[in-house]
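Encoded as structure tokens, the structure appears first; notes follow it.
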Amino acid sequence: AVVGAAIAAHPTHAPSAAGGGANDAASGGGCDHGESPRVFLFIGDGSLQVAAQELSTLVRCGLPVVVFVINNRGYTIERVVHPSGAHAAYNDVQNWDYCGLLSVFGGQRGVRVETLGQLREAMAAVVGGGCHVKGPMLVEVVIDQMDVPEGMMSALAEKAKMTMNNQTAQS
């Protein structure tokens, strides 16, 4: 469904509005600059494993979608929301060769990044690729299993504190 949204957002598949201006917002406005519009899709490794077959559609249609796979080897949000499951095997996913997925469907091999420098290089290639890059691209971004934004951790800690206070007040 998430990849389907990327397909629907692309101007060659999105409904046309007068002059196509409504499609520019969905495609990053690249049409007005004579560039191939590009859709950026960010998806976790667990979610991609549920919807991987949609990558075939991206390749078949030759859509210039850049898929960023956030590889944290599992369902980190579940690890954080349910601390008792932080190290539970049911929050793990099999680590795939994400960079090879597009090539399975006839697309090009992806790029794996593990450092900030590698990510900068990949971003420069993606942004600087322009019309020379045909079809979808994939960038696997490897992060720590418990890499969670501080704001989310603070909000979850506050919610847990409120829940504990409510339980104490009710008893």
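Readers should treat all values here as calculations from the given coordinates under stated rules, not as data from a laboratory. This structure is a prediction, so every number in the text was calculated from the model and none was measured. Neighbour counts are summed over all protein chains in view; Cβ atoms, including those assigned to glycine, are modelled from backbone coordinates with ideal geometry.
Figures for the structure shown
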| read-out | value |
| --- | --- |
| GluC sites (Glu not before Pro) within region 76-171, DSSP loop, no more than 12 other Cβ atoms inside 10 Å | Glu114 |
| Net charge contributed by nearby residues that have their C-beta within less than 12 Å of Gly85 (K/R +1, D/E -1) | -1 |
| Overall dimensions of region 103-171 as given by Cα atoms, namely Rg and Dmax in Å | 21.0, 66 |
| For region 42-111, convex hull of alpha carbons as volume per residue, Å³ | 81 Å³ |
| Cβ-defined net charge surrounding Gln94, 13 Å radius [Lys, Arg +1; Asp, Glu -1] | -2 |
